[in-house]
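S.K.: My questions all concern the structure below.
The values are calculated or read from the model by the stated rules, or taken from the named source; none is laboratory data. In this text, all values refer to a predicted model and were calculated from it rather than measured experimentally. In this analysis, Cβ positions are derived from the backbone assuming ideal geometry, glycine residues included, and neighbour counts consider all displayed protein chains. Only protein heavy atoms, including side chains, enter the accessible area calculation; ligands, DNA and RNA are left aside. Shrake-Rupley method; radii C 1.70, N 1.55, O 1.52, S 1.80 Å.
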Amino acid sequence: MQLTNEQVAQFERDGYLFFEELFSPEEVAALDAAIPKINADLTRGGVRREASSDTVRFFHGPHLYNDTVGRLSRHPRLAGPAAQLLDSSI
């Protein structure tokens, strides 16, 4: 996937891009299914919870130890535009 000049300009202006339906419902379901396993892995330091509750605030680095998230982080539909933006910002 190649970003348009307008999308690159939007990213440089707003700091993010939003793509509806970049991944299929089946791909999103696979990611949703990975979340409970990441959340339950208390041996990893990358799960941060709210101090006042057990609510997850964020996951740090699940692409390093979860195959599903790792494959997403290297997927051409995501990695291609990211590489393009990094090249355009140098």
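S.K.: For R49, list long-range residues whose amide hydrogen, built 1.01 Å from N in the peptide plane, is under 5 Å from its own amide hydrogen.
M.R.: R57
S.K.: Classify the stretch 1-52 as rounded, prolate or oblate, taking a ≥ b ≥ c as the square roots of the eigenvalues of its Cα gyration tensor: rounded when a/c is under 1.5, otherwise prolate if a/b is larger than b/c and oblate if not.
M.R.: Verdict is oblate for the stretch 1-52.
S.K.: Can you tell me how the stretch 28-70 classifies by the Cα gyration tensor, rounded, prolate or oblate, using a/c under 1.5 as the rounded cut? Spell out each step's value before the answer.
M.R.: Numbers: a/c = 2.37, a/b = 1.59, b/c = 1.49.
Note, shape of the stretch 28-70 comes out prolate.
S.K.: Let me ask something additional. Percent of accessible area on the chain owned by carbon and sulfur, 1.4 Å probe? Don't jump to the answer; show the numbers that get you there.
M.R.: On the way: 3740 of 6790 Å².
Of all accessible area on the chain, carbon and sulfur atoms account for 55 percent.
S.K.: Along its three principal axes, how long is the chain when you only count alpha carbons? Whole Å, largest extent first please.
M.R.: Computed over the Cα atoms, the extents are 43, 29, 21 Å.
S.K.: What size of dipole, in debye to the nearest 20, comes out for the stretch 5-86 about its Cα centre when the only charges are +1 on Lys and Arg C-beta atoms and -1 on Asp and Glu C-beta atoms?
M.R.: 400 debye
S.K.: So for each of 8-14, 24-30 I average, over its residues, the number of other beta carbons within 10 Å; can you give me the resulting order with the highest mean first?
M.R.: Top of the packing list down: 8-14, 24-30.
S.K.: So if each residue of separation counts as 0.36 nm, and I subtract the Cα-Cα distance between S53 and L17, what length gain in nm does that give? Don't jump to the answer; show the numbers that get you there.
M.R.: Numbers: separation 36, 0.36 × 36 = 12.96 nm, distance 3.15 nm.
That pair, S53 and L17, stretches by 9.8 nm at full extension.
S.K.: Rolling a 1.4 Å sphere over the protein heavy atoms, what is the accessible area per residue of the chain, to the nearest Å²? Working shown, then result.
M.R.: Numbers: 6790 Å² over 90 residues.
Value for the chain: 75 Å² per residue.
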